[in-house]
Amino acid sequence: MQVRTRVTSKGQVTLPVALRRRLAIEAGDDLVFDETPAGLAVRVVHRRRLEDFLGAVAIKGEVAGRDAERAAAAAKLTRPAGPPHVWVDANVILRLLTCRPEAQARASAALMARADAGELRLRVCPLVVAEVVWVLTSAYEVPPAQVAEVLTGFLTSGGLVVEEGVLLVEALARMAEQHVDFIDAYLAAKARLSAAPVATFDDDFDKLEVERLTLDA
């Protein structure tokens, strides 16, 4: 199938409806242009919906007990305009990613589908991400590199409002690449951003390109 389209003065092109339907191209998908010896090749990278992360992490066995509960925040959040915002607890994300238990996993996926549809915006704070990382790596023994890959894709999907999202993605990458704890990688990212040293006895911070405050011990 050959398709011809014209580039506008603004560098834009319009994809014919027939091509979009044939390739299932939707709003938010990316077109990637690859230079090859045979010419220019174009491929479609479909945007992952939040509900697509159902069962994204394979785990072994069950974990005894329940996810830790956190106290409710005292300060009231000013609701922004647009779809209602909802804070997401770590157990909802864990149910989605591990697909266990199945009934709660399906309920979590249904919530994500509502966010994908624009009915609501799901808010994720750094503490929730830290808890998800800890449970997956410690309780479920999922390799940190896999956790970093899955969570990076999840946090950068549409429908989420992620506090300090850039720092969290950076911390996930360094956790996997430098083989350090997520919390250490996150603290180092905060220190680099603020150009301030870190007071610590942990030698892992030497891997994280951050200034350490000398402590006499």
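The values are calculated or read from the model by the stated rules, or taken from the named source; none is laboratory data. Predicted model only: the values in this text are computed from it and were never measured. All Cβ positions, glycine included, derive from the backbone under ideal geometry; neighbour counts span all protein chains shown.
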Notebook entry, point to check: Any chance region 169-180 includes a residue that's over 28 Å from R48 (Cβ atoms) and either outside the structural domain of R114 (by TED's automatic domain parsing) or modelled with pLDDT of 95 or more (or both)?
Noted result: no
Next item on the list: Return the residue satisfying two criteria in turn: it lies in region 142-175 and is crowded, with 16+ Cβ neighbours inside 10 Å and in contact with a Pro (Cβ under 7 Å, 6 or more places away or on another chain), and of such residues it is farthest from V128 (Cα to Cα).
Entry: M175
Notebook entry, point to check: Going by the conditions given, is R123 closer than 11 Å to L54 by Cα, among the charged types (D, E, K, R) and either touching a His at 6+ places or on another chain (Cβ under 8 Å) or assigned by TED's automatic domain parsing to the domain that holds L54 (or both)?
Noted result: no
Item checked: Considering residues of region 145-174 that are in a helix (DSSP H, G or I) and touching a Phe, Trp or Tyr at 6+ places or on another chain (Cβ under 8 Å) only, the residue nearest to A117 (Cα to Cα) -> F154
Notebook entry, point to check: Within region 22-39, can one find any residue that is surrounded by 10 or more Cβ atoms within 10 Å (Cβ to Cβ), in a helix (DSSP H, G or I), out of contact with any helix residue (DSSP H, G or I) (no Cβ under 9 Å at 6 or more places or on another chain) and not hydrophobic (A, V, I, L, M, F, W, C)?
Noted result: yes
Notebook entry, point to check: For region 80-107, which residues satisfy the criterion of being in contact (Cβ under 8 Å) with a residue 24 or more places away in the chain and buried (at least 19 other Cβ atoms within 10 Å of the Cβ)?
Noted result: V88, A90, I93, L94, L96, L97, T98, C99, A105
Check: From the list V198, V129, which residue is touching a strand residue (DSSP E or B) at 6+ places or on another chain (Cβ under 9 Å), modelled with pLDDT of 95 or more, assigned by TED's automatic domain parsing to the domain that holds V86 and among the aliphatic types (A, V, I, L, M)?
Finding: V129
Check: Which one of V7, V17 is among the aliphatic types (A, V, I, L, M), at pLDDT 80 or above, loosely packed, with under 10 Cβ neighbours inside 10 Å and within 24 Å of D116 (Cβ to Cβ)?
Finding: V17
Margin query: Every residue in region 108-139 that is crowded, with 20+ Cβ neighbours inside 10 Å and either within 14 Å of D181 (Cα to Cα) or among the aromatic types (F, W, Y) (or both), please.
Written below: V129, V132, V133, V135, L136
Next item on the list: Find all pairs meeting these conditions: Cβ atoms under 7 angstrom apart; at least six residues apart or on different chains; first residue within region 31-46 and over 21 Å from T14 (Cβ atoms); second residue in a strand (DSSP E or B).
Entry: D34/A41; D34/R43
Notebook entry, point to check: Somewhere in region 40-62, is a residue on the phi < 0 side of the Ramachandran plot, within 22 Å of the chain's Cα centre (by Cα), at pLDDT 80 or above and assigned to a strand (DSSP E or B)?
Noted result: no
